[in-house]
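All remarks here apply to the structure that follows.
The values are calculated or read from the model by the stated rules, or taken from the named source; none is laboratory data. All values derive from a computational prediction rather than experimental measurement. Here the Cβ positions follow ideal geometry from the backbone for every residue, glycine too, while neighbour counts run over all protein chains shown. Keep in mind that these areas ignore ligands, DNA and RNA; they rest on the heavy atoms of the full protein, side chains included. Shrake-Rupley method; radii C 1.70, N 1.55, O 1.52, S 1.80 Å.
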Amino acid sequence: LPAMEDASVVARALDPVMARMCEGLVRLVQNGFPYRRKLLNHHPAMVVNSSDLSLGRIAHFVTASLTARIGRRIAALAGRKADAWMVGWKAVKPGETLLEAGDLDENAYRIYPDDGRRYLADPFVFVKDGRRFVFVEEFPFATGKGVISAFEVDSKGEAGELLPVLDEDVHLSYPHVFASDGEIWMIPESGEAREVRLYRCVSFPDRWEPVEVLVKGQELSDATVCRLNDRWWMFATERTRHGSSWDALAIFQAEHLKGPWHAHDANPVLVDAGQARPAGEVHVRNGRIFRPAQDCREGYGAGLTICRVDRIDEACYLQKVTKNIHPRAKKGIHTLNAAGGLEVVDFFGQPPASRGKV
């Protein structure tokens, strides 16, 4: 199910679809038939559940896109504040996150104050010495380039000052922060540089040093790593040729975090705008692996999909959708993380009317 990033213009809608079709044909000619036999020897029924690309869904996407454009135009003429991404958080108990149970209640989240000069998105939580820090993409409208910032949420759920922690020569987003081997690491998205960069924390939370380029020469979005079966695995979506960055899931593996990292033989293991692009950390619950993904079938960041990873190895990759999450009052949600009794998400829509100091 290829993504159509701009369904209101026929040529732009067809470009990513045709790009994915061409990639599939090239792959089939190069190694499709012998590779298929290799897979069947390992797994006789390699199936990834996907949605049907129907005329009804295409018509719905076109209608939604045109409606959004008209809405933005009316809002601009009326002088209203434009829609933007915003970060929210709430207290949760073990087993009660959106990953596992419950429906989305948008009113249950506190929203970081909006000053109208930036947006915040892609929240990740990291707990150090009992203190909870939320790392986010901060996008100042004045510069038009994302940086990584962080704020602390105290035991009462109050947010502290937003502090810049990483600013590079390219746009940064999706600050995947995690711990391993006694160190704190960050992999922010730096797809604009066609690299996946690994940073080590020098002084928490605001000093980071570059350590390694894990993947070079590929435009990967929202790279997310995890340790499974005594190996490191990386999930990301890849933009190639005229394709979208929403729909083609690529997997990489390595024995060590610093690499070398090797692409999966079946990349892209999945082409589906509804369940490909990562949307947060991979979690293991009761021996099962769950991976949040973006649901972009109705537009970028329209919703979340929770995917259960049933098999991941050098031969193949299998996942099954267990849950879809879509907001009601807001227009989008595309990141989900939780740690230290705190769940964080980001919403797209009208920021709160009251503006606060950032």
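Here Lys93 sits with roughly 140 square angstrom of accessible surface, probe radius 1.4 Å.
In terms of solvent-accessible area of protein heavy atoms at a 1.4 angstrom probe, what is the ranking of His171, His264, His242, His326, highest value first?
On the way: His171 45, His264 10, His242 135, His326 75 Å².
Accessible-area ranking of His171, His264, His242, His326, largest first: His242, His326, His171, His264.
Using R₀ = 45 Å, calculate the FRET efficiency as 1/(1 + (r/R₀)^6) where r is the Cβ-Cβ separation of Arg231 and Glu158; round to 0.05. Intermediate results must be reported in sequence, preceding the final value.
Numbers: r = 40 Å, r/R0 = 0.89.
My answer for the efficiency is 0.65.
Put a dot 7 Å past the Cα of Arg311, heading toward its Cβ, do the same for Leu14, and the two dots end up 3.8 nm apart. Ligands, DNA and RNA aside, Val225 has an accessible area near 10 Å² when probed at 1.4 Å. Sorted from longest to shortest, the spans of the Cα atoms of the range 215-358 along the three principal axes equal 50, 39, 31 Å.
Past the 21 Å Cα-Cα mark, which pairs from Lys128/Lys216; Lys258/Lys323; Lys93/Lys156; Lys156/Lys323; Lys90/Lys330? Beyond 21 Å: Lys128/Lys216; Lys258/Lys323; Lys156/Lys323. The listed residues Phe141, Phe348, Phe290, Phe151, once ranked by accessible area (1.4 Å probe) with the largest placed first, stand as Phe141, Phe348, Phe290, Phe151. Against the empirical curve 2.2 N^0.38 Å, the C-alpha radius of gyration of the range 170-299 lands at a ratio of 1.02.
Full extension of the segment from Arg110 to Ser180, taken as 0.36 nm per residue of separation minus the current Cα-Cα distance, would add 22.2 nm.
How much of the accessible area of the range 114-273, in percent, comes from carbon and sulfur atoms when a 1.4 Å probe is used? It would help to have the intermediate numbers written out before the result.
Numbers: 2890 of 6590 Å².
About 44 percent, which is the carbon plus sulfur part of the accessible surface.
Once backbone amide H atoms are built at 1.01 Å from N, Arg285 has Phe290 as its partners under 5 Å, excluding neighbours fewer than 5 places away on the same chain. Heavy-atom accessible area for Cys22, with the other protein chains in place and a 1.4 Å probe, reaches approximately 70 Å².
Other residues whose C-beta falls under 12 angstrom from the C-beta of Asp181 contribute a net charge of +2, scoring Lys and Arg +1 and Asp and Glu -1. Whole-Hz Karplus values for the range 132-145 come out as 9, 10, 10, 9, 9, 7, 10, 10, x, 5, 5, 9, x, 9 Hz, taken residue by residue from phi with 6.51 cos²θ - 1.76 cosθ + 1.60 and θ = phi - 60°; glycine and proline positions read x. Taking loop as defined by DSSP and a crowding limit of 11 other beta carbons within 10 Å, which GluC sites (Glu not before Pro) in the range 139-244 fit? Passing sites in the range 139-244 are Glu158, Glu161.
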